[in-house]
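See below for the structure under consideration.
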Amino acid sequence: MEFLLSNYEWIFSGIGIVGLGFLFKKLNSKNNDGDSNNTTDSNNTAKSNNTIVNNINISEDVKNESKQFQTVFEAQNRIKILFVDDDTKFKVVNILKSAGWKNTRIIKDISNLDARDIQETDIFFVDIQGVGKKLLFQDEGLGLANALKNKYTDKKVVIYSAVSSGDRFHEALNKADGRLSKNADPFQFQQLIESLSVR
(Lines give C-alpha, C1' and ligand atoms only; values in the text may rest on other atoms or scores of the structure.)
Protein backbone atom coordinates (compact mmCIF):
# COMPACT_ATOMS: atom_id res chain seq x y z
CA MET A 1 0.00 0.00 0.00
CA GLU A 2 2.87 2.32 0.84
CA PHE A 3 4.24 1.66 -2.68
CA LEU A 4 0.93 2.73 -4.18
CA LEU A 5 0.78 5.96 -2.15
CA SER A 6 4.34 6.99 -2.88
CA ASN A 7 4.13 6.18 -6.62
CA TYR A 8 0.54 7.23 -7.41
CA GLU A 9 1.65 9.79 -10.04
CA TRP A 10 3.50 7.11 -12.01
CA ILE A 11 0.75 4.51 -11.56
CA PHE A 12 -2.02 6.81 -12.86
CA SER A 13 0.02 8.17 -15.75
CA GLY A 14 -0.52 6.70 -19.25
CA ILE A 15 2.48 4.39 -19.00
CA GLY A 16 1.42 3.14 -15.59
CA ILE A 17 -2.12 2.31 -16.71
CA VAL A 18 -0.84 0.39 -19.73
CA GLY A 19 1.64 -1.45 -17.50
CA LEU A 20 -1.06 -2.36 -14.95
CA GLY A 21 -3.36 -3.50 -17.73
CA PHE A 22 -0.65 -5.72 -19.12
CA LEU A 23 0.05 -7.14 -15.65
CA PHE A 24 -3.63 -7.92 -14.99
CA LYS A 25 -4.00 -9.53 -18.42
CA LYS A 26 -0.97 -11.78 -17.77
CA LEU A 27 -2.31 -12.84 -14.37
CA ASN A 28 -5.77 -13.49 -15.81
CA SER A 29 -4.45 -15.54 -18.74
CA LYS A 30 -2.48 -17.82 -16.38
CA ASN A 31 -5.60 -18.55 -14.33
CA ASN A 32 -7.83 -19.22 -17.37
CA ASP A 33 -5.32 -20.71 -19.79
CA GLY A 34 -7.51 -23.66 -20.81
CA ASP A 35 -10.72 -21.62 -20.93
CA SER A 36 -9.32 -18.90 -23.22
CA ASN A 37 -8.22 -21.41 -25.86
CA ASN A 38 -11.64 -23.07 -25.79
CA THR A 39 -13.40 -19.70 -26.02
CA THR A 40 -11.26 -18.63 -28.98
CA ASP A 41 -11.83 -21.95 -30.73
CA SER A 42 -15.58 -21.82 -30.13
CA ASN A 43 -15.73 -18.19 -31.34
CA ASN A 44 -13.83 -19.10 -34.51
CA THR A 45 -16.09 -22.11 -35.05
CA ALA A 46 -19.20 -19.98 -34.54
CA LYS A 47 -17.90 -17.37 -37.04
CA SER A 48 -17.10 -20.11 -39.53
CA ASN A 49 -20.55 -21.68 -39.11
CA ASN A 50 -22.22 -18.27 -39.55
CA THR A 51 -20.25 -17.71 -42.76
CA ILE A 52 -21.34 -21.11 -44.07
CA VAL A 53 -24.97 -20.45 -43.15
CA ASN A 54 -24.86 -17.01 -44.78
CA ASN A 55 -23.31 -18.50 -47.93
CA ILE A 56 -26.03 -21.17 -48.00
CA ASN A 57 -28.75 -18.49 -47.62
CA ILE A 58 -27.25 -16.38 -50.41
CA SER A 59 -26.93 -19.48 -52.56
CA GLU A 60 -30.60 -20.40 -51.94
CA ASP A 61 -31.70 -16.85 -52.80
CA VAL A 62 -29.73 -16.98 -56.04
CA LYS A 63 -31.24 -20.38 -56.87
CA ASN A 64 -34.77 -19.11 -56.17
CA GLU A 65 -34.26 -16.02 -58.34
CA SER A 66 -32.79 -18.15 -61.11
CA LYS A 67 -35.71 -20.58 -60.90
CA GLN A 68 -38.24 -17.73 -61.00
CA PHE A 69 -36.47 -16.17 -63.99
CA GLN A 70 -36.49 -19.54 -65.77
CA THR A 71 -40.21 -20.00 -65.03
CA VAL A 72 -41.05 -16.55 -66.43
CA PHE A 73 -38.86 -17.19 -69.48
CA GLU A 74 -40.68 -20.48 -70.16
CA ALA A 75 -44.06 -18.74 -69.76
CA GLN A 76 -43.00 -16.02 -72.20
CA ASN A 77 -42.32 -18.66 -74.83
CA ARG A 78 -45.42 -20.74 -74.07
CA ILE A 79 -48.24 -18.27 -73.28
CA LYS A 80 -50.32 -16.77 -76.10
CA ILE A 81 -51.87 -13.39 -75.31
CA LEU A 82 -54.58 -11.70 -77.35
CA PHE A 83 -55.72 -8.11 -76.92
CA VAL A 84 -59.16 -7.34 -78.31
CA ASP A 85 -59.26 -3.58 -78.77
CA ASP A 86 -60.69 -1.31 -81.46
CA ASP A 87 -57.52 0.78 -80.99
CA THR A 88 -55.08 -1.61 -82.67
CA LYS A 89 -52.20 0.80 -81.99
CA PHE A 90 -52.46 0.26 -78.22
CA LYS A 91 -48.81 0.70 -77.18
CA VAL A 92 -48.82 -1.81 -74.33
CA VAL A 93 -48.84 -4.66 -76.87
CA ASN A 94 -45.46 -3.67 -78.36
CA ILE A 95 -44.03 -3.02 -74.90
CA LEU A 96 -45.01 -6.53 -73.80
CA LYS A 97 -43.41 -8.00 -76.93
CA SER A 98 -40.22 -6.08 -76.18
CA ALA A 99 -40.32 -7.41 -72.60
CA GLY A 100 -40.22 -10.98 -73.94
CA TRP A 101 -43.92 -11.86 -74.30
CA LYS A 102 -43.41 -12.61 -77.99
CA ASN A 103 -46.76 -14.37 -78.52
CA THR A 104 -48.75 -11.18 -77.91
CA ARG A 105 -51.15 -9.95 -80.60
CA ILE A 106 -53.92 -7.41 -80.96
CA ILE A 107 -57.07 -7.60 -83.06
CA LYS A 108 -59.88 -5.12 -83.56
CA ASP A 109 -62.71 -7.55 -82.70
CA ILE A 110 -63.66 -11.23 -82.61
CA SER A 111 -66.06 -12.51 -85.24
CA ASN A 112 -65.98 -16.21 -84.30
CA LEU A 113 -65.48 -17.65 -80.79
CA ASP A 114 -64.52 -21.00 -82.32
CA ALA A 115 -61.72 -19.62 -84.50
CA ARG A 116 -58.41 -21.43 -84.13
CA ASP A 117 -56.48 -18.39 -82.88
CA ILE A 118 -59.15 -17.87 -80.20
CA GLN A 119 -58.93 -21.50 -79.11
CA GLU A 120 -55.12 -21.28 -78.88
CA THR A 121 -55.08 -18.10 -76.79
CA ASP A 122 -54.19 -18.46 -73.09
CA ILE A 123 -54.90 -14.92 -71.87
CA PHE A 124 -57.44 -12.50 -73.34
CA PHE A 125 -57.33 -8.77 -72.66
CA VAL A 126 -60.72 -7.36 -73.63
CA ASP A 127 -61.42 -3.64 -73.88
CA ILE A 128 -64.89 -2.82 -72.55
CA GLN A 129 -65.81 -0.37 -75.28
CA GLY A 130 -65.79 -0.70 -79.07
CA VAL A 131 -65.43 -4.51 -79.26
CA GLY A 132 -67.91 -7.38 -79.31
CA LYS A 133 -69.83 -5.61 -82.05
CA LYS A 134 -69.19 -8.27 -84.70
CA LEU A 135 -70.95 -10.84 -82.51
CA LEU A 136 -73.67 -8.30 -81.67
CA PHE A 137 -73.07 -8.25 -77.93
CA GLN A 138 -75.33 -5.61 -76.44
CA ASP A 139 -72.81 -4.95 -73.67
CA GLU A 140 -69.92 -4.82 -76.17
CA GLY A 141 -66.63 -5.82 -74.45
CA LEU A 142 -68.33 -6.96 -71.25
CA GLY A 143 -70.58 -9.30 -73.25
CA LEU A 144 -67.58 -10.60 -75.22
CA ALA A 145 -65.51 -11.15 -72.07
CA ASN A 146 -68.40 -12.99 -70.43
CA ALA A 147 -68.86 -15.23 -73.48
CA LEU A 148 -65.12 -16.02 -73.63
CA LYS A 149 -65.04 -16.95 -69.95
CA ASN A 150 -68.19 -19.10 -70.26
CA LYS A 151 -66.90 -20.94 -73.34
CA TYR A 152 -63.27 -21.30 -72.23
CA THR A 153 -63.34 -21.63 -68.45
CA ASP A 154 -59.66 -22.65 -68.27
CA LYS A 155 -58.48 -19.52 -70.13
CA LYS A 156 -57.77 -16.22 -68.42
CA VAL A 157 -59.83 -13.15 -69.28
CA VAL A 158 -58.82 -9.65 -68.23
CA ILE A 159 -61.08 -6.66 -68.71
CA TYR A 160 -59.62 -3.21 -69.21
CA SER A 161 -60.99 0.21 -70.09
CA ALA A 162 -60.13 3.88 -70.24
CA VAL A 163 -63.60 4.67 -68.88
CA SER A 164 -64.15 4.32 -65.14
CA SER A 165 -67.97 4.50 -65.24
CA GLY A 166 -70.32 1.79 -66.44
CA ASP A 167 -72.20 -1.28 -65.27
CA ARG A 168 -70.35 -2.18 -62.09
CA PHE A 169 -72.58 -5.21 -61.47
CA HIS A 170 -72.12 -6.89 -64.84
CA GLU A 171 -71.56 -10.64 -64.61
CA ALA A 172 -68.33 -10.38 -66.62
CA LEU A 173 -66.71 -8.25 -63.92
CA ASN A 174 -67.18 -11.06 -61.39
CA LYS A 175 -65.96 -13.77 -63.76
CA ALA A 176 -62.90 -11.91 -65.05
CA ASP A 177 -59.48 -13.03 -63.87
CA GLY A 178 -58.33 -9.43 -63.65
CA ARG A 179 -59.24 -5.80 -64.27
CA LEU A 180 -57.03 -2.91 -65.25
CA SER A 181 -57.35 0.67 -66.31
CA LYS A 182 -56.33 1.13 -69.92
CA ASN A 183 -54.12 3.93 -68.63
CA ALA A 184 -52.28 1.62 -66.21
CA ASP A 185 -48.51 1.41 -66.51
CA PRO A 186 -47.32 -1.29 -68.93
CA PHE A 187 -45.50 -2.84 -65.97
CA GLN A 188 -48.89 -3.48 -64.31
CA PHE A 189 -50.03 -5.38 -67.41
CA GLN A 190 -46.81 -7.39 -67.31
CA GLN A 191 -47.17 -8.17 -63.60
CA LEU A 192 -50.72 -9.34 -64.12
CA ILE A 193 -49.65 -11.58 -67.02
CA GLU A 194 -46.89 -13.10 -64.89
CA SER A 195 -49.31 -13.76 -62.03
CA LEU A 196 -51.79 -15.43 -64.40
CA SER A 197 -49.27 -17.50 -66.34
CA VAL A 198 -46.42 -18.49 -64.02
CA ARG A 199 -47.28 -21.72 -62.25
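Points worth noting:
- Each residue in segment 69-83 was checked for being of a type in the set (D, E, K, R) and within 20 Å of Val157 (Cβ to Cβ), and 2 pass.
- Of the residues screened, Leu148 is one that is in a helix (DSSP H, G or I), out of contact with any Asp or Glu (no Cβ under 9 Å at 6 or more places or on another chain) and surrounded by 15 or more Cβ atoms within 10 Å (Cβ to Cβ).
- Gln188 without any contact (Cβ under 8 Å) to a residue 24 or more places away in the chain and either out of contact with any Phe, Trp or Tyr (no Cβ under 7 Å at 6 or more places or on another chain) or on the phi < 0 side of the Ramachandran plot (or both): yes
- Residues of segment 142-177 classified as of a type outside the set (Gly, Ala, Ser) and modelled with pLDDT of 90 or more, total: 17
- Neighbours by Cβ (under 8 Å, 6+ apart or cross-chain): first from segment 99-121, assigned by TED's automatic domain parsing to the domain that holds Tyr152 and in contact (Cβ under 8 Å) with a residue 12 or more places away in the chain; second aromatic (Phe, Trp, Tyr) and surrounded by fewer than 15 Cβ atoms within 10 Å (Cβ to Cβ): Gly100/Phe73
- Evaluation of Gly130 against (1) on the phi > 0 side of the Ramachandran plot; (2) free of Cβ contacts under 8 Å to residues at least 40 places away in the same chain (one fails), failing number: (2)
The values are calculated or read from the model by the stated rules, or taken from the named source; none is laboratory data. Remember, predicted model here, so these are calculated numbers, not experimental data. Cβ: placed from backbone, ideal geometry, glycine included. Neighbour counts: every protein chain shown.
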